[in-house]
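Okay, so here's the structure we're looking at.
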Amino acid sequence: RAAVAVAKLLSDQSRSGGQVISITHSASVAAIADQHVVVHKEKQFHTDDHDDVPVKQTSRVSTVQGDMRKLELARMAAGDLAPNEAAVFADALLREGEFERKE
């Protein structure tokens, strides 16, 4: 409930003329956004190293839309557990987000 309340507050703020940028791990908050951006971290290791310390770490940013956004929301909500149920939940979140943006 708290995440949904925060999402609605952020949505209200953006409709009042402000720009809102939110970093979240909450699928409920992400679903209400006009745009959904995902940050992927990639670590590179030396092949001959035996420790787990990365040599280089980079970040990649991508915008997700449509089915890719639904998959990302499902992943955010449930990880690898119950992917079919998570996809149904992601659909519901997207419908609610669309409704909130139209109000």
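Kindly establish whether residue 75 is in contact with a His (Cβ under 6 Å, 6 or more places away or on another chain) and either over 26 Å from residue 4 (Cβ atoms) or surrounded by 10 or more Cβ atoms within 10 Å (Cβ to Cβ) (or both).
When the stated conditions are applied, residue 75 does not pass them.
Just to be sure before I move on: is residue 81 open to solvent by 50 Å² or more (accessible area, probe 1.4 Å), of a type in the set (A, V, I, L, M) and at pLDDT below 95 in the structure I sent?
Answer is yes for this residue.
Could you give me the residue pairs with C-beta distances under 7 Å whose first residue belongs to the range 9-36 and is of a type in the set (Val, Ile, Thr), whose second residue is in a loop (DSSP other than H, G, I, E, B) and surrounded by fewer than 17 Cβ atoms within 10 Å (Cβ to Cβ) wherever it lies, and which are 6+ apart or on separate chains?
The qualifying pairs are 29/22.
State all residues of the range 10-53 that are within 28 Å of residue 67 (Cβ to Cβ) and either open to solvent by 100 Å² or more (accessible area, probe 1.4 Å) or among the basic types (Lys, Arg) (or both); if no residue qualifies, say none. Steps first, answer last, please.
If we filter the range 10-53 for residues that are within 28 Å of residue 67 (Cβ to Cβ), which is where we start, we get 10-11, 14-15, 19-43.
Correct list: 15, 19, 21, 23, 25, 34, 35, 41, 43.
Can you pull out every residue in the range 39-89 that is assigned to a strand (DSSP E or B), more than 18 Å from the chain's Cα centre (by Cα) and among the charged types (D, E, K, R)?
43, 56
Return a yes/no flag: does the range 56-63 have any residue that is among the small types (Gly, Ala, Ser), within 24 Å of residue 95 (Cβ to Cβ), modelled with pLDDT under 90 and open to solvent by less than 100 Å² (accessible area, probe 1.4 Å).
No: the range 56-63 contains no residue that is among the small types (Gly, Ala, Ser), within 24 Å of residue 95 (Cβ to Cβ), modelled with pLDDT under 90 and open to solvent by less than 100 Å² (accessible area, probe 1.4 Å).
The values are calculated or read from the model by the stated rules, or taken from the named source; none is laboratory data. Computed from a prediction, not measured in an experiment: that's the story for all the values here. All Cβ positions, even for glycine, are placed from backbone atoms using ideal geometry, and neighbour counts span all protein chains on display. To get the accessible areas, we keep the full protein, side chains included, count just its heavy atoms, and leave off ligands, DNA and RNA. Shrake-Rupley method; radii C 1.70, N 1.55, O 1.52, S 1.80 Å.
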